[in-house]
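The values are calculated or read from the model by the stated rules, or taken from the named source; none is laboratory data. The model shown is predicted, which means the values in this text are computed figures rather than measured ones. When we count neighbours, we look across all protein chains shown, and the Cβ atoms used for this are built from the backbone with ideal geometry, even at glycine. Heavy atoms of the whole protein, side chains included, go into the accessibility calculation; ligands, DNA and RNA do not. Shrake-Rupley method; radii C 1.70, N 1.55, O 1.52, S 1.80 Å.
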Amino acid sequence: MRELDRLGVVVRYEFLKQYRRRRFYGATVVVVLAVVLSAAMCEGWDLLARMGLPARLLEEKGAELFALWVSSMSALALLAAVFFSGDVLASEFERGTGYLLFPNPVGRGTLVLGKYLACLLATVLVLGAGFLLSALLTLAFYGRVPLGMAGSFGVTLAIAVFVNGMAFAFSSALKGGTGATLATLLTYMVLFSTVSTGLSHAGHEPWFMPDRASDAMASTYGISFEEAFGEMVGGGQAMGRMVRASGDPVVASLLLTGYGMGLLGFSVWRFRRREMA
Amino acid sequence: MKEPIVMEGLTKRYGGFLALDGLSLRVGEGEKVALLGPNGAGKTTALKLLCGLLRPSAGRAWLAGFDVVEEREEAVARVGVMVETPEFYSFLTPEETLRYLGLLRGMDGGRLEERIEEVLELVGLGERRRTRIGSFSRGMKQRLALAQALLHDPPILLLDEPSSGLDPGGMLEFRRILREAGKRKTVLLASHLLTEVSHLCGRVAILHRGRLVAHRSLSSLRRKYGSLEKAYLGLTGGAV
């Protein structure tokens, strides 16, 4: 049997495990609710205008701004990715299921890759549901779906590659699944933004930071952030610098995918060395 | 290398702790050998080294002629393993679990489905084949662990305390299943249950503090010491 066939088997059954977990449905429900509520706020309370976005921009790029606002709620699915991936490797050791899985003629690298692809697939399905709903709502309210939404989805996929890679890296190195999940969340939400903000204040554009690269999903709509938010923050120091740092979507996607692959490589290396003591 | 299981100077250290100290042991084809010893004697460590869950600090081992480190996948392909308290993926059913493991072992569709049915019937889980494992008792998990070890009809079985945690009725039934399933197979069974060992094995290897202190047939141990219990207590200094 070829290793590629075994990889297919691992992906199929690891995805089945994810699909049967309550958190998969929980994540889907949360994303759908977030999209619907943000669309309702946007249209019901005229939220974008109240936020102080320039009237001319709202008139010209109303559909794009709405799609950006609503679909960005789908990014919540990226947090779900952490819950899909955080315990996947660690739990084999923590719960003892590795005693069942490891004495089989399959390489540890194949197991990691198969599990990773299964988690990525679960993430993409939840993300896809959010983006599809966002597209349908944009179509319903504005009569068209901006092309930038496809680009935005592409950047979001790159973020998913990165976030899953980071969760796998922690999961391969730490003893418990809960620790790996928390470490991923704290690194992504606290550590990265702290470093990025620090770099911004020091006058260095943190374009290479994963959280800044994530901002590039907005750039795909052809909206100038300085134009959109410049007045809103009154030229505020931090926001102004962050706005300028919003990067090129292609560069951001390549960067995030590269980081994700690097972290996945680390996970394979670490998982191969780990013993079932 | 004729014997299906060969260990030569197998050693495992955890930091400063020597868990297994130069174990050399050969198990011939069709033999049933028990690794007997008190808790912490190195029985489970020896089995984990054999099936690639641990890497030896020194020494080598072969299963069916394949080096367990250099040719791990070839070696484990010929072995059915049941190590420690079995844990399963709670969201899968026994049927799905066995299908997953069978496919990883390269079994094809028709034969795999046939074997799944056979082994689930053998261990008495035929009627629970589509129940999620999350709701299973420990005894049911033990049975399923044995089913997965037998699924690919391996010539070698490595079993670690296979009936621990079962009630007396469950233990008796489990031993009956093991005797039946273990026919024509080479079995290395780690246990500290002397009754289990005397029911299932013809030879005994007694480990104490990581070292092999005896490797003889059950009958010769009984002749020399009077009973297996006395042999065990005498060779392990009364440790339990």
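Of the residues in the stretch A:65-84, none is assigned to a helix (DSSP H, G or I), within 30 Å of residue B:109 (Cβ to Cβ) and within 11 Å of another protein chain (Cβ to nearest Cβ).
In summary, helices (runs of 4 or more DSSP H) completely within the stretch B:132-240 and bearing 2 or more residues that are over 18 Å from the mean Cα position of the chain (by Cα) and in contact (Cβ under 8 Å) with a residue 12 or more places away in the chain occur at B:218-225, B:228-235.
Being within 28 Å of residue A:142 (Cβ to Cβ), in contact (Cβ under 8 Å) with a residue 12 or more places away in the chain and of a type in the set (Phe, Trp, Tyr) holds for only one residue in A:83, A:15, A:66, and it is A:66.
Yes/no matrix, rows are residues, columns are (1) among the aliphatic types (A, V, I, L, M); (2) open to solvent by 10 Å² or more (accessible area, probe 1.4 Å); (3) within 14 Å of chain A (Cβ to nearest Cβ); (4) assigned to a helix (DSSP H, G or I):
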| position | (1), (2), (3), (4) |
| --- | --- |
| B:30 | no, yes, no, no |
| B:47 | yes, no, yes, yes |
| B:52 | no, yes, yes, no |
| B:85 | no, yes, yes, no |
| B:100 | no, no, yes, yes |
| B:103 | yes, yes, yes, yes |
| B:107 | yes, yes, yes, no |
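Restricting B:58, B:64, B:77 to those that are more than 10 Å from chain A (Cβ to nearest Cβ), under 18 Å from the mean Cα position of the chain (by Cα) and of a type in the set (A, V, I, L, M) reduces the list to B:64. Taking the listed residues A:53, A:48, A:57, the one that is farther than 20 Å from residue A:89 by Cβ, more than 9 Å from every other protein chain (Cβ to nearest Cβ) and not in a helix (DSSP H, G or I) is A:53, with no other qualifying. Scanning the stretch A:90-119 for residues that are hydroxyl-bearing (Ser, Thr, Tyr) and out of contact with any helix residue (DSSP H, G or I) (no Cβ under 7 Å at 6 or more places or on another chain) turns up just one, A:99. Here residue A:156 fulfils each of the conditions (1) open to solvent by less than 40 Å² (accessible area, probe 1.4 Å); (2) within 14 Å of chain B (Cβ to nearest Cβ); (3) at pLDDT below 95 apart from (2).
How many residues are more than 10 Å from chain B (Cβ to nearest Cβ) and of a type in the set (A, V, I, L, M, F, W, C) when one looks only at the stretch A:94-112? Looking only at that region, the number is 1.
If you go through the stretch B:14-23 one residue at a time, do you hit one that is touching a residue at least 12 places away in the same chain (Cβ under 8 Å), charged (D, E, K, R) and assigned to a strand (DSSP E or B)?
Yes: the stretch B:14-23 contains one or more residues that are touching a residue at least 12 places away in the same chain (Cβ under 8 Å), charged (D, E, K, R) and assigned to a strand (DSSP E or B).
Residues are listed down the side, and each one gets a yes or a no for (1) at the interface with chain B (Cβ under 9 Å from one of its Cβ atoms); (2) not small (Gly, Ala, Ser):
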position: A:7; (1), (2): no, yes
position: A:10; (1), (2): yes, yes
position: A:13; (1), (2): yes, yes
position: A:16; (1), (2): yes, yes
position: A:19; (1), (2): yes, yes
position: A:26; (1), (2): no, no
position: A:30; (1), (2): no, yes
position: A:35; (1), (2): no, yes
position: A:39; (1), (2): no, no
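Residues that are in contact with a Pro (Cβ under 8 Å, 6 or more places away or on another chain) and among the small types (Gly, Ala, Ser) were ranked within the stretch B:124-155; the one that is surrounded by the most Cβ atoms within 10 Å (Cβ to Cβ) is B:147.
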